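Quick notes on the structure that follows.
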Amino acid sequence: MHVSSLNYDIWKAVTHLYLNDPLNHVYLMYDLIYELNKVDIYFQLAGKKIIGYLLIWKGFDTPGVHIWGSTREN
């Protein structure tokens, strides 16, 4: 999912993640706000809740990858 295709429900879920645990999700929030043109993100959803994500930051020659949460469906 490219950042430009994020909808209101996803933004709301991202905000909820950040507010409940800012230290674990600071890269997610920062990159979505300030590095929009350098980010790809993939979410694992359960309804409208984010249970995992893969954040790829493409700011340098080598991408930075941040993985959080569940990768399997329950």
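Some notes on this structure:
- Rounded to 10°, Cα long-axis angle of helix 8-20 versus longest principal axis of the chain: 90
- With the helix formula -39500 (n - 2.57) applied to DSSP H stretches of n ≥ 4, the chain reaches a computed 222 nm mean residue ellipticity of -11000 deg cm²/dmol.
- Normalised by the number of residues in the range 3-69, the average gap of Cα pairs under 8 Å and 6 or more apart makes the relative contact order 24 percent.
- C-alpha long axis of helix 22-34 to longest principal axis of the chain, angle in °: 50
- As a rough footprinting exposure proxy, the listed residues SER5, SER70 were ranked by other beta carbons within 10 Å of their own, and the order from fewest upward is SER5, SER70.
Read the figures in this text as sums done on the coordinates, not as results from a lab. Everything numeric here is computed off the predicted structure, so don't read it as measured data. Glycine gets a Cβ as well: all are built from the backbone with ideal geometry, and neighbour counts include every protein chain shown.
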